[in-house]
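These notes concern the structure reproduced below.
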Amino acid sequence: MATAVKTGSSYGDTGLFRDLYTRVLRHGGEECGVLGITSAIDGEGKSTVVRSLALMLANDQALAKASGETGDILVLDCNQRADEEEGVTREFMVDLAPGLIQYLGMRAELEEAVKPTFLDHLWVMPIGGTQHNFSVLIRTPRMEELMEGLRARFELIIMDLPSVLATTDAQVLGALADQIALVVRAGVTPRRLVSQALDEMDREKLVGTVLNDVRPDLPKWLSDRL
Amino acid sequence: MRPYFATLFRAKWLYMVALVLMLTGAVAGSYLMAGTKYEASARIWIDRPVLGNLVEGANQYGVNPAQTQGDILYQLIQTDSFLSSVIRATKGGSALTGRPSEDAPVIEAVRENLAYTVVGMNTVVLAFTSEDPVLCQQMVQATMDQYRKWVMESRTEQSTAQLAFFREQVEFYTGQMNAAKAKFDAFRAKNPDLRAPGGEYLNIELNRLQREYEGARDLVSTAQYKLDQATLVETLSTGGQQLDFRVLDKPTVPAEAASPLKAMMKLLILGVGASFGLVLTAVVLFTWMDRAVRTADDLAKLTDAPVLVSLPDLQAGERKRPRTREKRARGVPKGADLAGAEGR
């Protein structure tokens, strides 16, 4: 069923994401309970990376096999956006609300906000829509408590964080993660903005970068000669 | 080099379309601009004059008569008045209005198409290029005629000046001779007996006066000789007999176009070069202006953090896969819609 999830915006080739996770563990240490995925600006493909990584891990059940634990994975959508169709929850076929916003606003319980998907070990906590005081909500103690609770319950939490340069929420939410990976879209993101984003991030937590949408710049016959 | 090639291949179709459009424009432009050109020419033999310039000596034309005449012709062609005279003698004369500002472009156009070549020591080839074959012949003929007229007028003026000069010389030396003769005669009249005591001193003075007289007489003789020569030169110039150039090959109306492809090829090569140059400039410019992160190396330069993975452009890969191959891969029978197989 996992293979049927392949769409025009997800990667069907899971090998790449297996490599990604392996390197995250290698560079960041085995104790990566919360992995944040962010980017410098919007539209660089971080939600796609989050989705595909989660699907791969859940499909593989690698976590469960390796650790002997439940191997449950949670995708935590922390990225407010105008277009709900672009969220991580689109492909998981779950309701957008209630989600994180409703939970932090005490309008929903955790069991309502965290939703199972069609894969056994994959759960999703959607953002729940847009809220004008989202920046305030994530700075409350309830957010920290939520993370502690989720850590105890899930083997791995993958956070879809907002863009670093779009809002300071990325720094606040990134502080709740163990490791952060920065997604950069090839051919789109200027170097200046990537440098700016790197300056604003916590470099201690930066486990590495993901270069997205890479196209071969030259045909093979020419590339071999140059 | 790699970044420049990468820029080129990134938008290769755009550059190719631009290049094809520019090359098409270059070909069309070359064809339209080159036009059909005709050329008429005349060969002129330049000889040393029978009687040289008496003031400057016989070697007026130096070692290379054709080169000297060619230089004179060149200077004349640079003169608006000379070319105006040439143009008025042809069918193009109606284009001249007499107003310098309006005539200048017409004269300049003729100057650009009028050319001379020095061949060897005695031959000058005069040529004119135009889209009108009759005008070509008329221009060359008119140039030769005007040049011949100028030469004759110049010679006449020169010989007139020379005549005046030599006449003055004769008069001057004649005056000197008469004065010396008068002194000699006066001394003889005053000292009839040279054998008187102190006569040897008188003899010396007498000899001196005699030599002075004879010297002045020689000068008169020389000046008179030159005057006679200058008179002869003037006579010949006026009579048109002293012409030191002859037309070997008269200009005729050309029947065939002269090297039509040559001009077109030159423009075409220029156009092709400019097209490739513009595309190359655009590639270099866009490469310098490119500030995006494109490769893992670019990203590695910005941070010490490792590049965990490079994810390919999935959309581009799907676009390149042919629809039929896609159907076959998914087991869709022929004639069925691919969307149907996806359950949409």
Quiz item: Which of the residues that make up the stretch A:178-205 are facing another protein chain (nearest Cβ under 8 Å), more than 14 Å from the chain's Cα centre (by Cα) and not charged (D, E, K, R)?
Solution: A:A186, A:G187, A:V188, A:T189, A:P190, A:V194, A:S195, A:L198
Quiz item: Would it be correct to say that A:A177 is free of Cβ contacts under 8 Å to residues at least 12 places away in the same chain and closer than 30 Å to A:W123 by Cα?
Solution: no
Exercise. Give just the number: which of (1) within 14 Å of chain B (Cβ to nearest Cβ); (2) farther than 24 Å from A:G28 by Cα; (3) within 17 Å of the chain's Cα centre (by Cα) does A:V164 not satisfy?
Key: (2)
Quiz item: Is there a residue in the stretch B:270-287 that is farther than 22 Å from B:V20 by Cα and out of contact with any Lys or Arg (no Cβ under 6 Å at 6 or more places or on another chain)?
Solution: no
Practice problem: Would you mind stating whether B:A300 is over 30 Å from B:V27 (Cβ atoms), at pLDDT 85 or above, within 14 Å of chain A (Cβ to nearest Cβ) and assigned to a helix (DSSP H, G or I)? | Solution: yes
Exercise. Could you list, in sequence order, all residues of the stretch A:183-226 that are at negative phi, of a type in the set (D, E) and out of contact with any Phe, Trp or Tyr (no Cβ under 7 Å at 6 or more places or on another chain)?
Key: A:D199, A:E200, A:D202, A:E204, A:D224
Self-check item: Candidate set from the stretch B:282-294 (those that are free of Cβ contacts under 8 Å to residues at least 12 places away in the same chain and more than 14 Å from B:M1 (Cα to Cα)); member that is farthest from the other protein chains (Cβ to nearest Cβ)
Solution: B:M289
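Conditions tested, residue by residue: (1) out of contact with any helix residue (DSSP H, G or I) (no Cβ under 7 Å at 6 or more places or on another chain); (2) at pLDDT 90 or above; (3) assigned to a loop (DSSP other than H, G, I, E, B).
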| site | (1), (2), (3) |
| --- | --- |
| A:V124 | no, yes, no |
| A:M147 | yes, yes, no |
| A:L150 | yes, yes, no |
| A:Q171 | no, yes, no |
| A:L222 | no, no, no |
Exercise. For the stretch A:192-206, indicate whether the set of residues that are in contact with a His (Cβ under 6 Å, 6 or more places away or on another chain), crowded, with 21+ Cβ neighbours inside 10 Å and of a type outside the set (G, A, S) is non-empty.
Key: no
Quiz item: So which of A:A66, A:A58, A:A82 is of a type outside the set (D, E, K, R), modelled with pLDDT under 90 and within 10 Å of A:H121 (Cα to Cα)?
Solution: A:A58
Exercise. With the condition kept exactly as written, say whether any residue in the stretch A:125-142 is surrounded by 14 or more Cβ atoms within 10 Å (Cβ to Cβ), in contact (Cβ under 8 Å) with a residue 60 or more places away in the chain, farther than 18 Å from B:T303 by Cβ and more than 10 Å from every other protein chain (Cβ to nearest Cβ).
Key: yes
Quiz item: Tell me, which residue of the stretch A:206-218 that is free of Cβ contacts under 8 Å to residues at least 60 places away in the same chain and under 20 Å from B:R2 (Cβ atoms) is farthest from the other protein chains (Cβ to nearest Cβ)?
Solution: A:P216
Exercise. Please give the number of the condition B:N178 fails out of (1) of a type outside the set (A, V, I, L, M); (2) out of contact with any Cys (no Cβ under 9 Å at 6 or more places or on another chain); (3) at pLDDT below 90.
Key: (3)
Quiz item: Could you say whether any residue in the stretch B:113-129 is part of a helix (DSSP H, G or I) and of a type outside the set (D, E)?
Solution: yes
Exercise. Go through the stretch B:96-126 and count every residue that is within 13 Å of the chain's Cα centre (by Cα) and closer than 15 Å to B:L76 by Cα.
Key: 10
Quiz item: Does at least one position in the stretch A:176-184 carry a residue that is under 29 Å from B:D313 (Cα atoms) and not aliphatic (A, V, I, L, M)?
Solution: yes
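The values are calculated or read from the model by the stated rules, or taken from the named source; none is laboratory data. Please read these numbers as outputs of a predicted model, since none were measured by experiment. Positions of Cβ are generated from backbone atoms using ideal geometry, with glycine treated the same way; all protein chains shown enter the neighbour counts.
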